[in-house]
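The values are calculated or read from the model by the stated rules, or taken from the named source; none is laboratory data. Keep in mind that what you see is a predicted model, and the values were worked out from it rather than measured. No Cβ is skipped: glycine too gets one built from the backbone with ideal geometry, and neighbour counts run over all protein chains shown. When the accessible area is computed, the model is the full protein with side chains, heavy atoms only, and any ligands, DNA or RNA have been set aside. Shrake-Rupley method; radii C 1.70, N 1.55, O 1.52, S 1.80 Å.
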Amino acid sequence: MKKVLGMIFALLLFVTGCSSDEKKYVFVFNTNGGSEINNENLTIKEMSEKKYLEPRKEGYDFEGWYVDEGLNMRFTDIYKPKENTVNLYAKYTINDYLLKIENNNGEKSSQVQLKYGDTIEVSEPQKKGYTFAGWYIDKELTETFEYNTMPAKDISIYAK
């Protein structure tokens, strides 16, 4: 009887991959608006080492993978899944960008730091004897400034 139980135990260890560290899981990636990532069959250790599994999202830095939709519990190499499929959710940090404002009225230029997607609100500069004709994105005042929200880059605007 002991011999049979020992053989059954050995067979169970073999079938389950000997340890949970070697067990492969299906990882499903919800990138929350970032670049798509296909499902992968990986061990927990392999997943924690896969740096190429980082989605890109304009205006954001990837912060990490989380095991809950609320983005409260970060995935780590000590995570112990209860199922064969592991759903992961991407979390991002929004980036700040610099808006430099050239009033062209003799006053010193100013700058403001805005988050990606923030509404851009700039007051019209005053210059005695002149009428403000708009904001431009080049010093030559040939390309009009048409952003309503902060793009994913630093920009300068020039008053005409």
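Under a straight-distance cross-link criterion of Cα-Cα below 26 Å, which lysines are reachable from K139, leaving out those fewer than 8 residues away in the same chain? K139 reaches K100, K108, K115, K127, K128, K153, K160.
Our coupling estimate for region 125-137, obtained by passing each phi through the Karplus curve with A = 6.51, B = -1.76, C = 1.60 and θ = phi - 60°, is x, 10, 9, 4, x, 10, 10, 5, 10, x, 9, 10, 9 Hz, Gly and Pro reported as x.
Restricting the GluC sites (Glu not before Pro) of region 41-143 to loop positions (DSSP other than H, G, I, E, B) with no more than 16 neighbouring Cβ atoms within 10 Å leaves E58, E69, E83, E107, E121, E140, E143. Between T31, Y60, I155, the Cα set farthest toward the positive side of the dipole of the chain (charges on each charged residue's Cβ, about the Cα centre) is that of T31.
Residue-normalised convex hull volume from the C-alpha trace of region 90-160: 86 Å³ per residue.
For helix 2-15, report the angle its Cα long axis makes with the longest principal axis of the Cα atoms of the chain; keep it between 0 and 90° and round to the nearest 10°. In the chain, helix 2-15 runs at an angle near 20 degrees to the longest axis.
When Rg and Dmax are taken over the Cα atoms of region 50-106, they come to 18.2, 66 Å. Within the accessible area of the chain, the carbon and sulfur atoms contribute 49%, probe 1.4 Å, all protein chains present.
What is the dipole size for region 70-110, taken about its Cα centre, with +1 at each Lys and Arg Cβ and -1 at each Asp and Glu Cβ, in debye to the nearest 20?
The calculation lands at about 240 debye.
Within region 98-127, report the trypsin sites (Lys or Arg not before Pro) that DSSP leaves as loop and that have at most 12 other Cβ atoms within 10 Å. Hits after loop and neighbour filter: K108.
Within the chain, antiparallel bridges make up roughly 70 percent of the DSSP beta bridges whose residues both belong there.
Within region 16-76, all pairs of alpha-carbon atoms sorted by distance into 10 Å bins from zero give the percentages 20, 52, 23, 5, 0. Can you pick out the pairs among K24/K82; K51/K91; K23/K91 whose Cα atoms lie more than 19 Å from each other? Beyond 19 Å: K23/K91. Annotation note: chymotrypsin sites (Phe, Trp or Tyr not before Pro) in region 91-160 located in DSSP loop regions with a Cβ neighbour count of at most 16 within 10 Å are Y130, F132, Y147.
What would the Debye equation give as log₁₀ I(q)/I(0) for the chain at q = 0.11 Å⁻¹, counting only Cα atoms as equal point scatterers? Reported log10 I(q)/I(0), two decimals: -0.65. Per residue, the chain exposes an accessible area of 71 Å² to a 1.4 Å probe, with every protein chain left in place. Dipole magnitude for the chain: about 700 debye, using +1 per Lys or Arg Cβ and -1 per Asp or Glu Cβ, origin at the Cα centre.
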